[in-house]
Amino acid sequence: MPNNKVWLVIEKSMFGESAHFRVEKNADSLDKALDFKMCLEKLNDSKYKSYFLASDVDTVLEKVAHHHNKSVENGTYYEKHPEVKRPEIKI
């Protein structure tokens with residue numbers, strides 16, 4: 001199956017009470033999209049513009065699940081959430 005994942009950098013412009021959105025950049029990875037977003041934020045000279053990332057639900061959930069599973073595996077999840085008891089490993 002081809003990799004059709006696309007991340008968008010969206011510009012939000014406020015004009016009075018209304019907001020206008022437009023796609024500024026698209027990228028094939030989250031890292032590239034974050035780089036674009038950070039560059040656009042540095043170039044932004046208006047307090048009425050902001051940038052955020054968007055993608056399809058499957059792509060976002062896949063990324064969230066991957067990072068959650070990684071944090072559980074390496075133990076950082078349990079450090080950040082002491083109310084969750086780490087399961088005992090039975091050998």
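The values are calculated or read from the model by the stated rules, or taken from the named source; none is laboratory data. Note that the coordinates shown come from a computational prediction; the quantities given were computed from them, not determined experimentally. FYI the Cβ positions are ideal-geometry reconstructions off the backbone, even for glycines, and counts take in every protein chain you see.
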Residues of segment 26-82 that turn out to be of a type in the set (Phe, Trp, Tyr) and assigned to a helix (DSSP H, G or I), as a count: 3
Check on Asp56, under 22 Å from His67 (Cβ atoms), under 12 Å from the mean Cα position of the chain (by Cα) and charged (D, E, K, R): yes
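Residue by residue, here is whether (1) farther than 22 Å from Val23 by Cβ; (2) assigned by TED's automatic domain parsing to the domain that holds Ile10 holds:
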site: Tyr51; (1), (2): no, yes
site: Lys63; (1), (2): no, no
site: His68; (1), (2): yes, no
site: Val72; (1), (2): yes, no
site: Glu79; (1), (2): yes, no
Leading residue by the ranking (surrounded by the fewest Cβ atoms within 10 Å (Cβ to Cβ)) among those in segment 56-77 that are among the small types (Gly, Ala, Ser) and modelled with pLDDT of 90 or more: Ala65
Whichever residue in segment 45-55 is modelled with pLDDT of 90 or more and not basic (Lys, Arg) and, among such residues, is farthest from Ser13 (Cα to Cα): Ser55
Residue within segment 2-11 that is under 26 Å from His67 (Cβ atoms), outside the structural domain of His67 (by TED's automatic domain parsing) and free of Cβ contacts under 8 Å to residues at least 24 places away in the same chain present: yes
